[in-house]
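The structure appears below as structure tokens.
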Amino acid sequence: MTQAIIEKINKLKKERNACLLAHNYQPGEIQDIADFTGDSLELSRKASSCDADIIVFCGVLFMAETASILSPQKTVLLPDKDAGCPMADMITAAQLAELKQKYPDAVVVCYVNSPAEVKAISDYCCTSSNAVDVVNSIDADRQILFVPDKNLGQFTKEKTGRDIVLWPGYCPTHIFATAEDVKKIRTEHPDAVTLAHPECPGPVRACADEHLSTGQMLKFVKNSDKTEFIIATEIGIIHTLKKENPEKTFYPASEKFICPNMKKITLEKVLFALEDNKYVIKVPDDVAARARKALDRMVAILPKG
Ligand code: 13P
Ligand code: SF4
């Protein structure tokens, strides 16, 4: 049954010149059939550079919106229209406009996990892999408004020492593991290296050895001589970590580390997406044109060092 669905997906992908992009948190069977897997920045870059007519985005709404903004000529499909990101919904354009009025001279850096309308009134976008580089690229005397993730914002503030005003948004999945969970598992596996995503709250980040985006975690593990890792982020990434490093061992910081929205994408829904153009994500041209400026600035900043 599963194999039959995969064959139909592959046939339709070829016929329709479609490219399947999957985030590192997607269910394992979705990552396995994707043309490209990656973190938010890698997938944004791939969405602009691939020459497909259709992008099937296996991720959540803000990712599909970002692909549509960066590649307006492509049809972008999100296989489940309700796969949203609760953190992205923690700020609206009206709220950001009000904040900007309060800090009229500040530069707005907006995490890519945000609605298109919020990006449209931001100066820069960033992802977890380049927030520090983006902030460091801004004139040192400028104050920064960082929205919507207070945890990534705080992490960036600590790394850069900059004057950053935080918005109180957060990822409801990354609060599932507590510092006590991480400390306990570190005691059980004293030789393991702990990798935490910067969306984790401060007390969890403080227990970790490295703070990395999902794409950076995959690279770190591949290049490391260590053999045991505690992973403080969504457990979908463990599928690819195991696949790429069969000789290494991974312990989730918590079994509860699951993003229910990422798990809404199924093989059946990917097939329906390709069969019936479900669901087309199109950002209105005027919003897209303004949001593209902030996204282009993000894509253009290359990591330092
Ligand atoms: P990255 O894959 O860019 O690290 O982002 C994590 C995330 O929460 C995406 O929603
Ligand atoms: Fe949003 Fe968190 Fe899920 Fe990422 S893991 S899509 S930030 S809710």
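Laboratory data are not the source of any read-out in this text; all were calculated from the coordinates shown. All figures in this text were calculated on a predicted structure; none of them were measured in a lab. A quick note on method: Cβ atoms are made from the backbone with ideal geometry, for glycine too, and the neighbour counts reach across all protein chains shown.
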Where residues in region 130-178 are surrounded by 19 or more Cβ atoms within 10 Å (Cβ to Cβ) and of a type in the set (S, T, N, Q), which of them is farthest from ligand 1 (Cβ to nearest atom)?
T156
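So that you can scan it fast, the table gives a plain yes or no per residue for (1) more than 21 Å from I30 (Cβ to Cβ); (2) under 21 Å from the mean Cα position of the chain (by Cα):
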{"position": "L195", "(1), (2)": "yes, yes"}
{"position": "L212", "(1), (2)": "yes, yes"}
{"position": "E247", "(1), (2)": "yes, no"}
{"position": "S254", "(1), (2)": "yes, yes"}
{"position": "I265", "(1), (2)": "no, yes"}
{"position": "E268", "(1), (2)": "no, no"}
{"position": "D285", "(1), (2)": "yes, no"}
{"position": "R297", "(1), (2)": "yes, yes"}
Can you tell which of V76, V109 is surrounded by 24 or more Cβ atoms within 10 Å (Cβ to Cβ), away from ligand 2 (no atom under 16 Å from the Cβ) and without any contact (Cβ under 8 Å) to a residue 60 or more places away in the chain?
V109
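Here is a yes/no grid of residues against (1) acidic (D, E); (2) under 22 Å from I6 (Cβ atoms):
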site	(1), (2)
K226	no, no
A232	no, no
I238	no, yes
E255	yes, no
E268	yes, yes
Take the conditions more than 20 Å from the chain's Cα centre (by Cα), surrounded by fewer than 23 Cβ atoms within 10 Å (Cβ to Cβ) and either within 15 Å of ligand 1 (Cβ to nearest atom) or free of Cβ contacts under 8 Å to residues at least 12 places away in the same chain (or both) and apply them to P104. Does it pass?
yes
Restricting attention to region 184-193, report how many residues are surrounded by 15 or more Cβ atoms within 10 Å (Cβ to Cβ) and either assigned to a helix (DSSP H, G or I) or under 21 Å from the mean Cα position of the chain (by Cα) (or both).
2
Give E247, E255, E210 a once-over and let me know the one that is touching a residue at least 12 places away in the same chain (Cβ under 8 Å), within 16 Å of ligand 2 (Cβ to nearest atom) and acidic (D, E).
E255
Please note which strands (runs of 3 or more DSSP E) are completely contained in region 1-87 and include at least 3 residues that are within 16 Å of ligand 1 (Cβ to nearest atom).
18-23, 36-38
